[in-house]
Amino acid sequence: MQNFLTRRLFLSLIAASAVMFGATTAMAADPEETGKQVYQVYVDTMAQTNAALAGSPEVTAELGAEIDAIKEAGVTKLVALGKEIAAMSEADRETVERIVRLGAYEPEAKAVYANYQGVWKAYVGGDQDFFKKIQSLNILTQYAFFDLLRKQAPDEADRLGV
């Protein structure tokens, strides 16, 4: 009887392992979709920034806090995607990077970026801290690529625990 239970337990463990392996494989992030999501977060964040800065409003603490909140919302989404990217194979990570690079050529992205360039130029000669805050959004996608973030902004990588 004990041999039967041991064998049954062993077979159950094998079956459970197979189910878990299948579920893990099925849940793995699609690198092309993940790349599109990374770039969409970038585009959405830039569009929100452009809207907040439309008409070149005066720099105030409230405006600075609004830009910070917009950026942090984007960073939060990108870090979550970055965790998926970090779990991918090197080939899949390269696919994500390629998709993100190609996103810059999409018409929506071009329009949002052109608007962004016009917006930040209005703040070039003013408050340099505010200008740097706006300018930092240009490289927002680095938050999805932890190796790059660690290299380019180690304090941010530490803050985010990545």
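Projecting the Cα atoms of Met88, Thr76, Val162 onto the dipole axis of segment 36-162, where Lys and Arg carry +1 and Asp and Glu carry -1 at the beta carbon, places Met88 farthest toward the positive end.
Report, to the nearest whole %, how much of the accessible area of segment 88-162 belongs to carbon and sulfur atoms, 1.4 Å probe, protein only.
Numbers: 2300 of 4520 Å².
Answer for segment 88-162: carbon and sulfur cover 51 percent of the accessible area.
Local charge for Glu62 was computed over the other residues whose Cβ lies under 14 Å away, with Lys and Arg +1 and Asp and Glu -1, and equals -3. Working from Cα pairs under 8 Å separated by at least six residues, relative contact order for segment 29-162 is 37 percent.
So what's the net charge close to Leu102: Lys and Arg +1, Asp and Glu -1, counting the other residues with Cβ under 14 Å from its Cβ?
On the way: positive: Lys36, Arg98, Arg101, Lys110; negative: Glu32, Glu33, Glu94, Glu97, Glu106, Glu108.
The answer is -2.
Comparing Gly118, Phe131, Tyr105 along the charge dipole axis of segment 89-132, the residue lying farthest to the positive side is Gly118, per the Cβ-charge model. Computed with a 1.4 Å probe over protein heavy atoms only, the accessible surface of segment 71-138 comes to 58 Å² per residue. Net length available on complete extension from Glu62 to Ala122 is 19.8 nm, with 0.36 nm assigned per residue and the Cα-Cα distance removed. Label segment 54-156 by shape, choosing from rounded, prolate and oblate, from the square roots a ≥ b ≥ c of the eigenvalues of the Cα gyration tensor; if a/c is under 1.5 it is rounded, and otherwise prolate applies when a/b is larger than b/c, oblate when it is not. Prolate, because a/c is 1.5 or more and a/b exceeds b/c.
The values are calculated or read from the model by the stated rules, or taken from the named source; none is laboratory data. Bear in mind the structure is a predicted one, so any value in this text is a computation, not a measurement. Positions of Cβ are backbone-derived with ideal geometry, glycine not excepted, and every protein chain shown enters the neighbour counts. Only protein heavy atoms, including side chains, enter the accessible area calculation; ligands, DNA and RNA are left aside. Shrake-Rupley method; radii C 1.70, N 1.55, O 1.52, S 1.80 Å.
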